[in-house]
1. Would you pick out the residues in region 16-65 that are aromatic (F, W, Y) and assigned to a helix (DSSP H, G or I)?
2. When you go through V195, V185, V247 one by one, which is the residue that is away from ligand 1 (no atom under 16 Å from the Cβ) and out of contact with any His (no Cβ under 9 Å at 6 or more places or on another chain)?
3. Is at least one residue of region 148-164 within 27 Å of K228 (Cβ to Cβ), of a type outside the set (F, W, Y) and more than 15 Å from the chain's Cα centre (by Cα)?
4. What number of residues in region 214-273 are within 15 Å of ligand 2 (Cβ to nearest atom), farther than 19 Å from E93 by Cβ and among the hydroxyl-bearing types (S, T, Y)?
5. Which residue pairs have Cβ atoms under 7 Å apart, sit 6 or more places apart or on different chains, and have a first residue in region 182-210 that is in a helix (DSSP H, G or I) and a second that is open to solvent by 50 Å² or more (accessible area, probe 1.4 Å) and within 12 Å of ligand 1 (Cβ to nearest atom)?
6. With G94, G108, G102 as the choices, which residue is touching a residue at least 40 places away in the same chain (Cβ under 8 Å) and more than 26 Å from V195 (Cβ to Cβ)?
7. Restricting attention to region 135-163, report how many residues are more than 16 Å from ligand 2 (Cβ to nearest atom), open to solvent by 40 Å² or more (accessible area, probe 1.4 Å) and under 24 Å from D260 (Cα atoms).
8. From T46, T99, T5, T95, grab the single residue that is more than 16 Å from ligand 2 (Cβ to nearest atom) and touching a strand residue (DSSP E or B) at 6+ places or on another chain (Cβ under 8 Å).
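The values are calculated or read from the model by the stated rules, or taken from the named source; none is laboratory data. Just so it is clear, the structure is predicted and the values come from calculations on it, not from any experiment. Neighbour counts are summed over all protein chains in view; Cβ atoms, including those assigned to glycine, are modelled from backbone coordinates with ideal geometry. Just so you know, the surface numbers come from the protein's heavy atoms only, side chains and all, with ligands and any DNA or RNA stripped out. Shrake-Rupley method; radii C 1.70, N 1.55, O 1.52, S 1.80 Å.
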Amino acid sequence: MSNITPAEHLAEVLSRFDDAPDARLGEIMKSAIRHMHEFVVEVGLTREEWFAGMEGLAAIGRMCDDKRQEFILLSDTLGVSMLVEMINHLAAEGTTEPTVFGPFHVDGAPRLAMGDSIIVDPMDDDEPLTVRGQVTSLGGVPIEGAELDVWQAASNGFYDVQDDAQTPLNMRGIFTTGADGRYEVSTVRPVSYPVPDDGPAGALLHATGRHNWRPAHVHFVVSAPGYKTVITHLFDRDSDFLDSDVVFGVRDSLIVDMNDGRCDYDFVLEPTV
Ligand code: BEZ
Ligand code: FE
């Protein structure tokens with residue numbers, strides 16, 4: 001084993017995965033290892049830097065629990081979550097584009113009637129907003145029974161799950177369309193907000209000269225029997241950070257006007273067959 005080159009070392013490591021019983025796991029591990037070895041060689045990683053990296057990953061693990069998912073935040077801020085969305089859920093031409101899910105969705109939001117408000121805890125800075133439109137299939141046919149799971153940060157920039165002062169399920173609701181496919185949500189104009197930076201993912205952002213802000217948005221999961229579910233946001237055209245979203249989630253087709261207390265947007269779903 002003396003005088004072995006990095007390339008020979010890589011080949012030896014990869015060969016140990018040749019007989020992985022789960023072929024897909026073997027493929028994934030080999031590719032990840034190849035890229036890791038190439039990265040170490042490319043940057044000439046020092047022993048101290050490698051230990052610092054492992055220490056950082058351990059710190060991220062220690063920060064994860066049922067309320068805080070620091071690994072997801074790292075994946076989001078490195079653009080990996082959005083890349084996985086991009087390669088797995090390529091939107092068919094004319095359908096609503098997907099974007100990141102994010103860590104702040106909560107199951108069990110209340111089922112509300114069309115036009116109802118998702119505001120439980122009104123705030124002084126609230127700017128009323130009605131979001132409305134239609135859920136249709138590609139040909140513009142209204143979809144009856146489409147479900148819209150809606151959530152957003154309150155006007156103070158925090159989700160209910162981040163803020164003990166808010167009532168659980170504040171700014172959340174599930175709406176179901178009738179025969180006309182129309183939906184209407186009464187809410188407040190969303191604000192831009194910073195993703196948590198009190199952990200290692202935030203420390204990495206700041207150490208590399210990046211900010212931790214997301215542009216103002218409302219989250220939607222729109223689903224209907226016989227159609228592909230779309231996980232997406234609507235972004236306020238007047239918001240800051242549209243060009244530098246910390247999690248790379250902005251798509252031009254999802255930027256809408258939220259002036260004058262209203263926002264109109266039609267969700268177009270792709271049939272599953
Ligand atoms: C969000 O929009 O809720 C979100 C997405 C990714 C990371 C942090 C927050
Ligand atoms: Fe959000």
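1. Initially, region 16-65 is screened for residues aromatic (F, W, Y), giving 17, 39, 50-51.
Hits for region 16-65 are F39, W50, F51.
2. Within the list V195, V185, V247, the selection yields V185.
3. Yes, that holds for at least one residue.
4. So the answer is 1.
5. Once the first residue is in a helix (DSSP H, G or I) and sits in region 182-210, its partners that are open to solvent by 50 Å² or more (accessible area, probe 1.4 Å) and within 12 Å of ligand 1 (Cβ to nearest atom) give L205/D197; H206/D197.
6. G94
7. Counting residues in region 135-163 that are more than 16 Å from ligand 2 (Cβ to nearest atom), open to solvent by 40 Å² or more (accessible area, probe 1.4 Å) and under 24 Å from D260 (Cα atoms) gives 0.
8. Values: T46 fails: touching a strand residue (DSSP E or B) at 6+ places or on another chain (Cβ under 8 Å); T99 fails: more than 16 Å from ligand 2 (Cβ to nearest atom); T5 fails: touching a strand residue (DSSP E or B) at 6+ places or on another chain (Cβ under 8 Å).
Going through T46, T99, T5, T95 in turn, the sole match is T95.
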